[in-house]
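**Q** Let me begin by handing over the structure; questions about it come next.
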Amino acid sequence: MIKEHEGHVRLSLGGLAQGEGASLQEAADDLVCSILRLVVAVRSTGFIACCELYPDYETMNFLHECGEIAAAGGDIRARVFG
């Protein structure tokens, strides 16, 4: 989702991550950083879901794919915005 308010742009990827900036490019860069922080946290600590809450497999697959790209030294922007 893209929102603009009082000269700031906010991009959000569902409830998963968001980025803000003075321009669309800055917001996109911030969103990518936010996703990478989440990917690093999931890859370093793992993800354990309790039996009452089922994980969103599409979201987990997305995070896994972004993690694989980043671990190989790639840029996740094409996966995020492509």
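**Q** What is the helix-to-structure angle for 24-45, meaning the angle in degrees between its Cα long axis and the longest Cα principal axis of the chain, kept from 0 to 90 and rounded to the nearest 10?
**A** 20 degrees
**Q** For helix 57-71, what angle does its Cα long axis make with the longest principal axis of the chain, in degrees from 0 to 90 and rounded to 10?
**A** Result, in degrees: 80.
**Q** Just subtract the alpha-carbon distance of E26 and R79 from 0.36 nm times their residue separation and send over the number in nm, one decimal.
**A** Working: separation 53, 0.36 × 53 = 19.08 nm, distance 1.77 nm.
Length gained between E26 and R79: 17.3 nm.
**Q** Just one of (1) 4.9; (2) 4.3; (3) 6.0 is mean projected area of the Cα convex hull in nm² calculated from these coordinates, so which is it?
**A** Label (3) holds the value from this structure.
**Q** Pulled fully out, how much extra length does the chain show between M60 and I48, if you take 0.36 nm times their separation in residues and subtract their Cα-Cα distance? Please list the in-between numbers first.
**A** Numbers: separation 12, 0.36 × 12 = 4.32 nm, distance 1.13 nm.
Fully extending the segment from M60 to I48 adds 3.2 nm.
None of the figures in this text is laboratory data; all of them are computed from the coordinates on show. Given the structure is predicted, the values throughout are model-derived calculations rather than measurements.
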